[in-house]
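As structure tokens, the structure follows; a few thoughts come after it.
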Amino acid sequence: MNIGNRLELFVDDHLIETVKGARLVLHRPREQNIALRYDKPWALTGGYVTVFKDGDLYRMYYSGRTGGSKSDDASGQHTCYAESRDGITWTEPELGLFEFGGTKKNNIVHAGDGPTCHNFSPFLDTRPGVAPGEKYKAIGGHKTTGLRVLHSPDGIRWRFADQPPIQPASPDLTRYDSQNLAFWSEHEQCYCCYFRIFVYPDGRHAGSGDGIRTIARTTSEDFVHWTEPVAMSFGDTPMEQLYINQTHPYYRAPHIYIAFPARFMKGRKILSDEEGAAFGVNHHNGVGYWQDCAETVFMTSRGGNAYDRTFMEGFVRPGLDRRNWVSRCNYAALGVVPTGPDEMSLYVNRHNQQKTAHISRFSLRTDGFSSLNAPHAGGEAVTKTLEFTGNRLVLNYATGAGGHVRVEIQDESGSPIKGYALSDADDIIGDEIERTVAWNGKPDVSALTKRSVRLRFVLKDADLYSFRFM
């Protein structure tokens with residue numbers, strides 16, 4: 001594998017040949033602060049959320065609803081906008097674009113079309129040569145409308161594109177009233193669209209509302225003409241109800257797509273009827289929203305029609321707060337953004353369908369979704385054969401005071417290369433986002449760039465999050 005100077009994360013075993021005494025572990029994000037409350041008359045409760053960094057500005061788009069409105073109800077829901085300079089503190093500007101309650105003093109950026117307001121999902125189009133008026137794109141829609149396209153020159157003023165829907169209306173096969181999304185893939189050099197479908201356990205397409213919620217993908221070179229959708233595969237793992245998918249390129253390693261689907265546990269009731277009533281949880285179609293529960297899980301893809309589900313555990317759990325043990329709660333926003341030199345943030349809907357509904361910010365260390373971990377007894381992993389470009393090897397790692405990381409560079413056969421053997425490797429001790437590896441005090445690896453090599457990582461009481469040749 002030619003990895004060039006790409007950042008590689010330990011989110012799967014894609015590069016790993018053998019492991020002994022070590023394992024890949026999932027790291028759960030920490031809840032930090034309330035980023036935004038659903039406390040406006042036009043946004044008494046919320047729905048799907050998108051966050052992305054646009055230069056020095058952080059943008060947030062969310063579905064604001066006046067109550068338990070249906071997905072095609074134009075009067076009860078709007079697309080709202082917030083912004084931030086640090087990704088931590090958010091403001092909701094008065095934009096003056098749409099009237100609500102006799103005034104335009106609000107942060108509504110899209111209204112009047114229920115299906116697209118319900119699951120409006122925007123992105124910053126980074127494809128080279130994109131037209132200025134289409135710099136920002138969004139998709140949204142319902143099973144009766146298909147997935148429609150909107151354009152914007154500034155991320156604030158949106159219009160429907162003069163083109164057919166990405167996916168047509170198809171009430172017998174799909175139901176789009178989840179957050180569906182699209183993005184430009186630098187890695188695959190095409191647009192990718194991921195959307196919800198229903199299938200039976202044997203993989204056959206099911207009708208709307210029937211079968212298991214899962215994910216399909218289609219691609220396009222021009223955002224107009226799209227390939228035939230293909231259902232995503234999940235390896236040798238059980239089918240689960242995945243309500244949203246939130247797939248997008250990781251900003252530091254765009255060849256790796258990270259995804260935060262919601263694992264929907266239909267009929268798994270945790271709260272009593274008395275608790276649901278006391279919390280003021282809304283009803284949907286006459287059924288209380290405390291009849292089900294959900295959590296965010298973590299998976300990845302390296303393109304194509306396959307997800308990797310190395311980690312089946314919950315990524316964002318409901319937690320100690322029982323108000324989060326309600327249906328369709330704990331759904332993550334689309335997007336992970338940097339909020340510090342060693343921190344990144346994601347955003348999660350909490351207290352769903354309650355008067356206290358809000359979006360919480362969660363944080364992880366940079367690259368810290370998961371790691372190659374070894375206990376105090378030690379462990380190691382050897383990569384598959386690699387080619388690279390660069391002069392030095394940099395690690396994102398953390399050790400205990402009594403731990404360490406060492407790196408050996410081997411040839412194709414697995415024999416240590418002279419000068420880069422484990423006995424030459426300097427101990428790496430500490431906790432850093434970027435640490436250059438050295439052998440006998442020398443970090444230069446440029447002499448190996450034309451060779452096929454293997455990396456042997458030897459760890460003791462340590463986590464290795466990522467590595468990169470630079």
So Glu313, is it in contact with a Leu (Cβ under 8 Å, 6 or more places away or on another chain) and either touching a residue at least 12 places away in the same chain (Cβ under 8 Å) or not in a loop (DSSP other than H, G, I, E, B) (or both): yes
Going through the range 380-411 one residue at a time, which ones are among the acidic types (Asp, Glu) and in a strand (DSSP E or B)? Glu380, Glu387, Glu408
Only unsatisfied item for Arg328, checking (1) modelled with pLDDT under 95; (2) of a type in the set (D, E, K, R); (3) closer than 22 Å to Leu9 by Cβ, is (3)
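Does Ala333 qualify as being more than 25 Å from Asn180 (Cβ to Cβ) and either of a type in the set (Lys, Arg) or surrounded by 24 or more Cβ atoms within 10 Å (Cβ to Cβ) (or both)?
Against the criterion (more than 25 Å from Asn180 (Cβ to Cβ) and either of a type in the set (Lys, Arg) or surrounded by 24 or more Cβ atoms within 10 Å (Cβ to Cβ) (or both)), Ala333 does not qualify.
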Index of the failed condition, Phe223 passing every other in (1) surrounded by fewer than 16 Cβ atoms within 10 Å (Cβ to Cβ); (2) in a loop (DSSP other than H, G, I, E, B): (1)
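Might you check whether a residue that is of a type outside the set (Val, Ile, Thr) and free of Cβ contacts under 8 Å to residues at least 24 places away in the same chain occurs anywhere in the range 181-188? Walk me through how you get there before you give the answer.
Step one: of the range 181-188, the residues of a type outside the set (Val, Ile, Thr) are 181-188.
Filter once more, keeping what is free of Cβ contacts under 8 Å to residues at least 24 places away in the same chain: none.
Within the range 181-188, not a single residue is of a type outside the set (Val, Ile, Thr) and free of Cβ contacts under 8 Å to residues at least 24 places away in the same chain.
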With closer than 26 Å to Cys80 by Cβ and modelled with pLDDT under 95 as the only criterion, which of Arg175, Arg148 stands out? Arg175
Can you pull out the residues in the range 439-450 that are over 20 Å from Ala381 (Cβ atoms) and modelled with pLDDT of 95 or more? Asn440, Gly441, Lys442, Pro443, Asp444, Ser446, Ala447, Thr449
Quick check on the range 356-368: of everything there that is in contact with a Ser or Thr (Cβ under 8 Å, 6 or more places away or on another chain) and part of a loop (DSSP other than H, G, I, E, B), which residue is nearest to Arg59 (Cα to Cα)? Ala357
If Phe298 passes every condition in (1) under 21 Å from Ala357 (Cβ atoms); (2) crowded, with 23+ Cβ neighbours inside 10 Å; (3) out of contact with any Cys (no Cβ under 7 Å at 6 or more places or on another chain) but one, which one does it miss? (1)
Report, by residue number, each residue of the range 157-179 that is within 19 Å of Arg59 (Cβ to Cβ) and surrounded by fewer than 16 Cβ atoms within 10 Å (Cβ to Cβ). Arg157, Arg159
Selection status of Ser423, touching a Lys or Arg at 6+ places or on another chain (Cβ under 9 Å), over 25 Å from Thr366 (Cα atoms) and exposed (fewer than 14 other Cβ atoms within 10 Å of the Cβ): no
For residues in the range 346-389 being surrounded by fewer than 17 Cβ atoms within 10 Å (Cβ to Cβ) and of a type outside the set (Val, Ile, Thr), which is nearest to Gln32 (Cα to Cα)? Lys355
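crowded, with 17+ Cβ neighbours inside 10 Å and either of a type outside the set (Ser, Thr, Tyr) or under 19 Å from the mean Cα position of the chain (by Cα) (or both): which single residue out of Pro238, Pro261 fits that description? Give the derivation first.
Values: Pro238 fails: crowded, with 17+ Cβ neighbours inside 10 Å.
Result of the check over Pro238, Pro261: Pro261.
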Identity of the residue in the range 242-256, modelled with pLDDT of 95 or more and in a loop (DSSP other than H, G, I, E, B), that ends up nearest to Leu334 (Cα to Cα): Gln246
For residues in the range 86-112 being farther than 23 Å from Tyr347 by Cβ and not charged (D, E, K, R), which is surrounded by the fewest Cβ atoms within 10 Å (Cβ to Cβ)? Gly102
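The values are calculated or read from the model by the stated rules, or taken from the named source; none is laboratory data. Nothing here was measured: the structure is a model prediction, and the numbers come from that model. For neighbour counting, all protein chains shown are included, and Cβ atoms are generated from backbone atoms with ideal geometry for every residue, glycine included.
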